[in-house]
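J.: One structure follows; several queries about it will come next.
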Amino acid sequence: MPPRPVAAAGEERGRQEHAGAPVDSTAMRVLVTGASGFVGSALVKELRHGERAYEVHPLGRDDGDLADEGVADDALASFRPDVVVHAAARIGVVRCEEEPLLALRSNLLATVRVARACSGHGARLAYLSTADVYGVQAVADEETAPAPASLYALTKWWGEQAAQLYAPAGLLVLRLANPYGPGVDFAQGKGALPTMMQQAEQGERIPAFRGEAHAWCWIGDTTRAIRVILESGESGIFNVGTDADPIMLIDIARIACELTGASTDLIDEIDGPAGRAAPRISIDRLRSLGWRPEVGLKDGLRLLLESGRPAPAV
């Protein structure tokens with residue numbers, strides 16, 4: 001029998017034992033996996049920020065491989081979190097195709113270990129998934145059936161199933177769509193926008209996938225949305241991103257050239273790898289919690305450019 005899908009948003013709210021009551025964040029202990037990564041590190045900063053700061057324990061690469069038996073269990077036993085935000089993953093269509101066993105180990109087996117540890121220690125699980133699980137859709141809301149078009153998306157969908165199987169109580173599944181910002185490891189080929197900005201700044205060739213468009217969400221807005229969802233007491237599935245009009249990658253490349261003063265002659269429009277999906281998402285459920293994106297794309301790209309430049313000498 002195939003694993004049953006994560007419950008739809010409305011069904012989940014009605015039956016999860018933790019749902020419905022806003023959370024006092026000052027009394028909550030949160031463990032964040034993947035804290036060495038792009039989203040995880042930004043999320044740790046967000047959750048530690050402001051008057052309603054969480055007590056946060058970051059779990060990064062140096063703390064062990066979550067796919068190894070006992071690593072997740074030991075971390076939860078030591079910190080005793082109320083909530084685990086599982087951000088650790090192998091990201092990217094090409095990277096997962098290149099190393100499929102590592103993709104399965106990172107995105108499925110590690111999630112199984114984390115979800116089992118959450119269940120065993122009474123912690124609520126918030127699993128960071130991806131809007132790529134929807135595949136090619138005109139517009140996808142939380143009720144849209146997943147149709148993964150790549151191994152990456154498939155492993156993240158299986159991760160959702162593992163989370164539902166082993167840690168269903170109060171489960172949150174957050175399907176992130178196109179976060180961008182500083183903190184991306186360029187050497188690993190991750191992050192189209194930071195990569196394009198770096199290429200334009202250094203006068204390098206700028207490949208842009210032909211016909212591909214995304215609605216990009218500033219990382220600060222993304223992590224603030226995660227905070228809002230955690231504090232809401234809701235459960236089930238949330239799309240996390242922006243519902244702004246998608247922007248073609250070729251236009252992103254042109255903006256990168258405009259902001260850096262580079263020539264648009266550097267841009268090469270090329271065919272993208274198979275399996276890349278760019279679904280538009282509905283964020284009505286997230287907006288109902290009072291969240292709105294605050295940083296527009298051009299302002300975000302300026303911030304991204306400034307973050308990559310050396311600070312002026314004093």
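J.: Look at region 283-303 and say how many of its residues are buried (at least 18 other Cβ atoms within 10 Å of the Cβ) and either farther than 28 Å from GLN198 by Cα or among the charged types (D, E, K, R) (or both).
T.: 4
J.: It is to be established whether one or more residues within region 198-218 are over 22 Å from GLY272 (Cβ atoms) and in a helix (DSSP H, G or I). Step through it out loud before you land on a result.
T.: Step one: list which residues in region 198-218 are over 22 Å from GLY272 (Cβ atoms), which gives 201-203, 218.
From the residues that got through so far, the ones that are in a helix (DSSP H, G or I) too are 201.
Yes - at least one qualifying residue is present in region 198-218.
J.: Would you mind telling me which numbered condition in (1) at pLDDT below 75; (2) surrounded by 17 or more Cβ atoms within 10 Å (Cβ to Cβ); (3) of a type in the set (A, V, I, L, M) LEU59 fails?
T.: (1)
J.: Which pairs have Cβ atoms under 6 Å, sit 6 or more apart or on different chains, and link a residue in region 125-141 that is aromatic (Phe, Trp, Tyr) to one that is open to solvent by less than 10 Å² (accessible area, probe 1.4 Å)?
T.: What qualifies is TYR127/HIS86; TYR127/ALA163; TYR127/VAL173; TYR134/ALA140.
J.: Only one residue in GLN188, GLN199, GLN137 is polar (S, T, N, Q), open to solvent by less than 40 Å² (accessible area, probe 1.4 Å) and at pLDDT below 95. Which one? Talk me through it step by step, then tell me what you get.
T.: Details: GLN188 fails: open to solvent by less than 40 Å² (accessible area, probe 1.4 Å); GLN137 fails: open to solvent by less than 40 Å² (accessible area, probe 1.4 Å).
Exactly one of GLN188, GLN199, GLN137 is polar (S, T, N, Q), open to solvent by less than 40 Å² (accessible area, probe 1.4 Å) and at pLDDT below 95, namely GLN199.
J.: For region 108-125, state whether one or more residues are closer than 21 Å to ARG287 by Cα and not in a loop (DSSP other than H, G, I, E, B). If you could, list the steps in order and put the result at the bottom.
T.: Let us first name the residues in region 108-125 that are closer than 21 Å to ARG287 by Cα, namely none.
No, region 108-125 contains no residue that is closer than 21 Å to ARG287 by Cα and not in a loop (DSSP other than H, G, I, E, B).
J.: Give the residue, chosen from VAL23, VAL71, that is in contact with a Gly (Cβ under 6 Å, 6 or more places away or on another chain), at pLDDT below 95 and surrounded by fewer than 20 Cβ atoms within 10 Å (Cβ to Cβ). Let's see the steps before the verdict.
T.: Values: VAL71 fails: at pLDDT below 95.
None of the others qualify; the one that does is VAL23.
J.: Tell me which residues, restricted to region 221-242, are open to solvent by 10 Å² or more (accessible area, probe 1.4 Å) and either more than 23 Å from ALA27 (Cα to Cα) or of a type in the set (A, V, I, L, M, F, W, C) (or both).
T.: First, pick out the residues of region 221-242 that are open to solvent by 10 Å² or more (accessible area, probe 1.4 Å): 224, 227-228, 231-232, 234, 242.
If the condition is that a residue be open to solvent by 10 Å² or more (accessible area, probe 1.4 Å) and either more than 23 Å from ALA27 (Cα to Cα) or of a type in the set (A, V, I, L, M, F, W, C) (or both), then VAL228, THR242 are the ones that fit.
J.: Still on this structure, please answer the following. Among the numbered criteria (1) open to solvent by 60 Å² or more (accessible area, probe 1.4 Å); (2) in contact with a Lys or Arg (Cβ under 8 Å, 6 or more places away or on another chain); (3) closer than 23 Å to LEU176 by Cα, which single criterion is violated by HIS49?
T.: (2)
J.: Any residue in region 111-123 that is open to solvent by 40 Å² or more (accessible area, probe 1.4 Å) and within 19 Å of the chain's Cα centre (by Cα)? Spell out the reasoning first.
T.: In the first step, residues of region 111-123 are kept if they are open to solvent by 40 Å² or more (accessible area, probe 1.4 Å); the result is 113, 116, 119-122.
Now restrict to residues that are within 19 Å of the chain's Cα centre (by Cα): none.
Scanning region 111-123 turns up no residue that is open to solvent by 40 Å² or more (accessible area, probe 1.4 Å) and within 19 Å of the chain's Cα centre (by Cα).
The values are calculated or read from the model by the stated rules, or taken from the named source; none is laboratory data. Quick caveat, the model's predicted, so the values are computed rather than measured. Glycine gets a Cβ as well: all are built from the backbone with ideal geometry, and neighbour counts include every protein chain shown. Surface accessibility is based on the protein's heavy atoms, side chains included, excluding ligands, DNA and RNA. Shrake-Rupley method; radii C 1.70, N 1.55, O 1.52, S 1.80 Å.
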